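Encoded as structure tokens, the structure appears first; notes follow it.
Throughout, read-outs are computed from the coordinates displayed, never taken from laboratory work. Quick caveat, the model's predicted, so the values are computed rather than measured. Glycine gets a Cβ as well: all are built from the backbone with ideal geometry, and neighbour counts include every protein chain shown.
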Amino acid sequence: MDSTLASITTAVLADAASQTGIERAAVTIAGTETVVWADGSLGCPAPGLSYTMAQVPGYRIRVQAGKRELDYHANRRGYFILCPSGRATDPVGPVAY
């Protein structure tokens with residue numbers, strides 16, 4: 001895991017614990033992917049908002065919090081959002097190195 005992804009996952013785990021009320025020690029990473037999002041919505045467009053149309057390299061981070069799985073989308077700068085079920089769109093592809 002690269003250092004940027006590691007720092008983002010640390011912040012995501014803290015956010016997931018806060019969002020769910022579950023103790024931080026009980027919240028775990030279920031999976032991570034390095035992806036390219038189609039636009040500035042990071043694959044989680046909110047109704048009525050406009051986004052940059054450029055592709056955005058980033059991450060999809062799945063978190064297990066008790067019985068819930070949370071889907072976080074992030075860019076490489078460290079910005080992340082919790083994407084509600086039903087609003088997520090798939091990335092345009094994996095990042096090729």
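Overview of values
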| item | result |
| --- | --- |
| Full-extension gain in nm, A46 to T89, via 0.36 nm per residue minus C-alpha separation | 14.4 nm |
| Peptides 77-85, 56-64 ordered by average Cβ neighbours within 10 Å, highest first | 56-64, 77-85 |
| Label-zone membership for region 66-85, site S7, 7 angstrom Cα→C-beta point, backbone N under 16 Å | 74-80 |
| More than 23 Å apart - percent of Cα-Cα pairs taken over region 3-94 | 20 |
| Dipole of the chain, positive end: most advanced residue of W37, A14, A54 [Cβ charges, Cα centre] | A14 |
